[in-house]
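The values are calculated or read from the model by the stated rules, or taken from the named source; none is laboratory data. This one's a predicted model, so the numbers in the text were calculated from it and none came from an experiment. In this analysis, Cβ positions are derived from the backbone assuming ideal geometry, glycine residues included, and neighbour counts consider all displayed protein chains. Remember, those area values only see protein heavy atoms, side chains included, never the ligands or the DNA or RNA. Shrake-Rupley method; radii C 1.70, N 1.55, O 1.52, S 1.80 Å.
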Amino acid sequence: DPDPDPQTLTIAEIQGTGDTTPYNGQTVITRGVVTGVYPDGGFNGAFIQTEGTGGDLQGHNASHGIFVFGGSSGLASGVQIGDFVEVTGTASEYFGLTQISATTWTTLTEAAEPVVPAAIELPGLAGREVFEGMLIAPQGDFTVNDTYNTNRFGWVGLAAGDTPLKQPTDV
């Protein structure tokens with residue numbers, strides 16, 4: 001049997017309202033604005049987000065951002081932050097995150113509304129799914145909790161609030 005034609009879906013439809021994509025293993029086509037590019041270092045992909053989203057969160061029940069894995073083909077090296085792209089690939093879950101394994105990327109020439117970082121309080125684990133892959137502008141106080149990996153990987157550990165996280169041996 002021939003493969004079915006890919007479905008054209010929004011990023012929110014691909015993400016779904018649950019913990020996993022309802023289109024797992026299916027070929028999909030979607031469009032979005034590139035918000036982050038990681039062509040090397042093992043990621044080999046980019047994040048895209050539905051154009052014009054992030055500013056108004058009323059009725060927001062599914063993420064408008066998704067990671068697009070370009071694989072070893074180098075597809076991600078051809079896009080830049082701000083590009084409006086159309087992606088075709090297979091929807092799946094990878095370590096608990098929804099992604100599209102791209103077979104093609106097309107940079108579109110039509111204008112797209114810019115993506116706005118969602119201004120949110122840092123949610124607990126249960127509330128993070130609806131913002132998976134989206135640009136966010138965390139609100140509130142944060143405390144630097146860990147700088148061990150800053151020079152090696154560029155990581156800075158943050159704790160929400162005005163006190164650092166406790167190690168079990170601190171108590």
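Mind checking the log10 I(q)/I(0) for segment 119-171 at q = 0.19, 0.24, 0.28 Å⁻¹? Debye, one equal scatterer per Cα, no solvent, two decimals. Reported log10 I(q)/I(0), two decimals: -0.84, -1.08, -1.12. Carbon-plus-sulfur accessible fraction, segment 12-171 (probe radius 1.4 Å, protein heavy atoms only): 53%.
Segment 70-144 and segment 3-68 have Cα centres lying 7 Å from one another.
Our coupling estimate for segment 156-171, obtained by passing each phi through the Karplus curve with A = 6.51, B = -1.76, C = 1.60 and θ = phi - 60°, is 10, x, 10, 10, 5, x, 10, 9, x, 5, 8, 7, x, 7, 6, 9 Hz, Gly and Pro reported as x. Note that the chain presents 61 Å² accessible area per residue, ligands and nucleic acids not counted, probe 1.4 Å. For the chain, place one equal point scatterer on every Cα, skip the solvent, and apply the Debye formula. What is log10 of I(q)/I(0) at q = 0.19 Å⁻¹? With one equal scatterer per Cα and no solvent, log10 I(q)/I(0) is -1.28. Here the spin labels are modelled as points 7 Å beyond Cα on the Cα-Cβ line, and at Tyr148 and Glu93 they lie 2.9 nm apart.
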